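Following: one structure in structure tokens, then a few remarks.
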Amino acid sequence: MKSLDLHGIKHVDVFREVDTFVGENIIRGVSEVEIITGYSMEMKSLVNIVLDDYGLESEEDFLNKGKLVVKLI
């Protein structure tokens, strides 16, 4: 599964990073990706704002609450 790790990424840069990552993987036909946010609720919220633009939703990983799983297809 493709993943994007946002550790060390400033909140202001999250939109660009997530938009690029999601867009590229949709074009490639990837069905599911993971976005590692850590436990920051603010970071998860920023990621979900970008996902809303794509009409996508995230789910917290069952075993790792610091990881969001996104179905692209």
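Classify the chain as rounded, prolate or oblate from the Cα gyration tensor: take a ≥ b ≥ c as the square roots of its eigenvalues, call it rounded if a/c is under 1.5, otherwise prolate when a/b beats b/c and oblate if not. Cα axes put the chain in the oblate bin. Over the chain, what is the percentage of antiparallel beta bridges among all DSSP beta bridges, to the nearest 5? Percent antiparallel among DSSP bridges in the chain is about 65.
For segment 29-70, trypsin sites (Lys or Arg not before Pro) are listed when DSSP marks them as loop and at most 14 other Cβ atoms sit within 10 Å of their Cβ; the list is Lys65. Taking amide H as placed 1.01 Å from N in the peptide plane, the amide H of Leu4 sits under 5 Å from that of Glu34, Ile35, Ile36, each at least 5 places away or on another chain. Simple point charges give the picture: +1 on the Cβ of Lys and Arg, -1 on the Cβ of Asp and Glu, and for the chain a dipole about the Cα centre of about 140 debye.
Each reported figure results from applying straightforward, stated rules to the coordinates on display, with no laboratory input. Here the structure is a predicted model, which means the values were calculated and not measured. Methodologically, a virtual Cβ is constructed for each residue, glycine included, from the backbone with ideal geometry; neighbour enumeration extends over all protein chains shown.
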